[in-house]
Structures are given as C-alpha cells and as structure tokens.
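Q: After the structure tokens below, expect a handful of questions from me.
Nothing in this text is a laboratory measurement; each read-out follows from the coordinates by a stated rule. Bear in mind the structure is a predicted one, so any value in this text is a computation, not a measurement. Glycine gets a Cβ as well: all are built from the backbone with ideal geometry, and neighbour counts include every protein chain shown.
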Amino acid sequence: MEVRADLHIHTCLSPCADRDMSPPTVVRRGRERGLHVIAVCDHNSAENVEAAIRAAEDAGLAVIGGMEITSREEVHVLGLFKDDRALQSAQEVVYENLRGENEPQVFGEQLVMNERGEVVRHNGRLLIGATGLSVEEVVQTIHRLGGLAIAAHVDRPRFSLLSQLGFVPAGLDLDAVEVCAEAPPAVPKDLAVVRSSDAHRPEEIGARYTRFLVERPTASEIGMALRRIEGRRVLT
Amino acid sequence: MNLKEIVHNLGLEVRTGQSALMTEVRGGYAGDLLSDVLAHGQPADLWVTLQTHPNTVAVASLKGLAGIVLVNGREPEADTLQRAEAENVVLLVSALPAFELVGRLHALGLSGMRT
C-alpha cells in the first residue's frame with residue numbers, strides 16, 4: 001500500500017507550538033489533509049502521544065509516537081518508536097539528561113492534554129533546552145530502543161545537523177534525513193530523504209509529507225522503507 | 001606568532017598536536033556552528049569554540065586552521081582526541097570563557113580581520 005506520512009508534527013506540549021495544536025486537532029487536520037500516518041514529535045517530550053493515539057482510534061489515521069530530541073551540539077534528531085514502552089524509555093533517558101525549568105512567559109506554555117483536548121497538566125521542564133547527550137548518543141539511544149533516527153530539517157540554518165556540525169559525521173547511523181525545501185540536501189547519497197511539515201500550527205499539518213510503499217502504516221514498516229528492505233521504499 | 005608562544009602566554013593546555021606547535025598563526029576565528037566556520041574560517045586561523053564534537057577536527061583540517069582552542073575548560077570527546085591525534089591537528093584547552101580568551105588573543109596581536 002502507498003501511505004502518505006507527515007513524520008514531524010508538534011502539539012501544544014512544545015512551547016513554541018500553537019495552543020490550538022491539541023491532540024484531537026492534530027489528528028483531525030491530519031485526516032482532512034489526506035494523510036495516512038502522522039508522527040507526533042514534541043521537543044524532548046512525548047507526553048501528548050498517548051492522547052493523539054486515542055484521538056485517532058477509528059479515525060483511519062495511524063499515529064506514531066516520537067520525540068524531537070535536542071543533542072548537546074543543539075542538533076535536532078527525530079526519534080520514532082514502535083511502541084509505548086520504547087517511547088517511555090526514550091523519554092526517561094531524555095529527561096535524565098535535560099536540565100532547567102520552563103519559563104512560560106518567555107518560551108511558551110507546555111500543555112499536556114487528553115484525547116478530548118482538555119488540559120491535564122503543564123509540563124514544567126525546560127523542553128526547549130538541549131540535552132547533555134551528543135548526537136551520536138541520541139542516535140544510539142533511539143536505536144537501542146528499536147526506534148528510527150532522523151536528522152530533522154537538515155537544510156535549515158538553525159538546530160540542524162548541517163548547521164551545527166557542518167556535515168554528516170562519519171559513522172552516524174541515521175535512518176534518514178528530513179528536509180524542508182525541494183532541493184536535495186548535501187548528504188551522502190545512500191541516506192534516505194523524507195519531507196515533513198514540522199508543523200507548529202494546524203494549517204501547517206501535511207504541508208509537506210512523504211509517500212511510502214509499505215505493507216502497513218507502522219513505524220517498523222517505514223523503517224524498512226527508509227532502508228529499502230523487502231520491497232518497501234520511499235516513493236518520490 | 002606561533003602556537004607555542006600563544007600556549008605559553010595564555011596558559012593553554014595542549015591535548016594533541018604537540019609536534020605541530022611551531023605552526024604560524026595568522027589570525028583568529030570564533031564560532032560554534034561548524035557550517036559557519038567552514039564558510040568563514042581562513043587558513044592559519046586559530047579557532048575558538050565550545051564544540052567538542054569529532055567533526056571539529058575535520059573542519060580544522062579541511063580549512064587549514066592553525067589549531068582549535070576549546071573554552072571554559074571543556075574537554076574534547078574521546079573520538080575527537082583520537083581523530084586529532086591521527087590527523088595531527090592541534091587541540092588546545094583554555095579554562096577561560098570565550099570572550100575573555102578572544103580578548104587576550106587580540107591583545108597578543110591576533111586579529112579576526114585579514115586585509
């Protein structure tokens with residue numbers, strides 16, 4: 001089957017995202033935009049993933065739980081996980097390596113919501129901050145937990161692998177790089193390239209997406225497509 | 001001015017490249033975004049940065065920089081040390097914060113401008 005996936009969407013848990021990015025709104029907009037798969041990736045936290053998964057029950061849209069992890073070099077790396085257990089373990093590692101408290105007036109509110117879009121609590125951590133983990137440690141942590149590691153928006157001048165570290169470090173075992181523009185990025189040719197919206201506002205959801213040829217709309221299948229395994233692949 | 005004089009004057013610690021300390025330094029560049037250093041660093045610059053990632057060694061090598069100084073007492077990662085040794089890139093450590101170190105380098109006669 002061919003699936004359209006937007007693998008980088010924030011919710012109102014990210015301090016820089018709109019308050020309107022409630023889990024049910026993200027799911028509804030994703031479906032309206034004709035997506036089959038979305039990945040919820042807030043900064044250094046996954047506390048709105050469960051609500052999004054619940055909101056998507058019977059919606060005909062698969063939700064992958066993820067996180068946009070900030071390395072100590074201030075490189076953003078998406079971790080996409082196959083199940084809740086792996087996601088929770090990843091979140092634990094990130095929280096252990098993340099210092100500071102959020103200042104909502106300065107950075108924005110960090111709202112944890114339920115599947116109906118009601119505020120359950122405020123996350124008090126400095127989610128906009130950098131972890132103490134190197135980019136290699138971030139990728140290793142994601143892979144140890146069976147997840148997919150994608151360098152986020154590599155063609156942007158801020159918080160990208162290429163802006164921070166100049167080029168893809170030798171031996172960094174990424175599953176893919178994500179780009180925002182149409183032009184191919186300056187990365188090794190064998191690395192898969194995905195396009196995602198990095199949506200912080202409802203109208204941005206699905207503005208960019210990637211088409212995959214897979215058997216099912218899951219993180220495992222997308223991982224196989226990124227590595228071109230058993231006929232799965234990224235469609236151009 | 002060579003690296004040895006700078007090391008001596010500012011009390012820097014040498015982590016790698018001991019045999020290359022006679023390298024002439026012609027100017028300085030400060031920055032933590034490697035993409036920016038790739039774009040603007042010039043040959044024989046001494047590079048002041050807080051980045052400890054192994055890619056710094058490749059940037060210094062590629063641009064022909066005189067050496068790298070890590071600020072605030074930051075130590076290079078193990079891989080960074082290994083690569084710097086393999087490529088004989090000079091890796092120095094200063095306990096000073098970047099602003100202070102750059103000020104002292106400037107006072108020694110190094111400039112960030114080339115005419």
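Q: In whole Å, what is the distance between the alpha-carbon centres of segment B:1-56 and segment A:24-76?
A: 43
Q: In the P(r) worked out for segment B:3-107, what percent of Cα pairs fall beyond 24 Å?
A: Cα-Cα pairs of segment B:3-107 separated by over 24 Å account for 8 percent.
Q: Tell me, B:Val48, A:Val40, A:Val119, A:Val75 in order of fewest to most beta-carbon neighbours within 10 Å?
A: In order of increasing Cβ crowding within 10 Å: A:Val119, B:Val48, A:Val75, A:Val40.
Q: For segment A:92-236, compute Rg over Rh where Rg is the Cα radius of gyration and Rh is the Kirkwood radius from the inverse mean 1/r over Cα pairs.
A: 0.98
Q: Under 8 Å for C-alpha pairs, at least 6 residues apart: give me the relative contact order for chain B, rounded to a whole percent.
A: Relative contact order, chain B: 30 percent.
Q: Using the alpha-carbon centroid of each, what span in Å lies between segment B:76-97 and segment A:165-180?
A: 22
Q: Now a separate question. Given the protein assembly as shown reduced to its alpha-carbon atoms as identical point scatterers, what log10 I(q)/I(0) does the Debye formula return at q = 0.07, 0.08, 0.12, 0.15 Å⁻¹?
A: Evaluating at q = 0.07, 0.08, 0.12, 0.15 Å⁻¹ gives log10 I(q)/I(0) of -0.34, -0.44, -0.85, -1.14.
Q: What size of dipole, in debye to the nearest 20, comes out for the protein assembly as shown about its Cα centre when the only charges are +1 on Lys and Arg C-beta atoms and -1 on Asp and Glu C-beta atoms?
A: Computed about the Cα centre, the dipole is about 580 debye.
Q: Find, among the trypsin sites (Lys or Arg not before Pro) in segment A:87-159, those assigned to loop by DSSP (not H, G, I, E, B) with at most 14 other beta-carbon atoms within 10 angstrom.
A: A:Arg99, A:Arg116, A:Arg158
Q: So, counting K/R as plus one and D/E as minus one, what does the shell of residues with Cβ under 14 Å around B:Asp45 add up to?
A: Computed value for this residue: +1.
Q: How much length would be gained if the chain were fully extended between A:Arg54 and A:Ala186, taking 0.36 nm per residue of separation minus their Cα-Cα distance, in nm to one decimal?
A: Extending this stretch completely gives an extra 43.7 nm.
Q: According to a simple spin-label model (label point 7 Å from Cα along Cα-to-Cβ), what is the distance in nm between A:Arg201 and B:Glu100?
A: Here the answer is 4.5 nm between the modelled labels.
Q: As an exercise, use a Förster radius of 25 Å and the Cβ-Cβ distance of B:Asn88 and A:Glu137 to find the FRET efficiency, rounded to the nearest 0.05.
A: Result of the calculation: an efficiency of 0.40.
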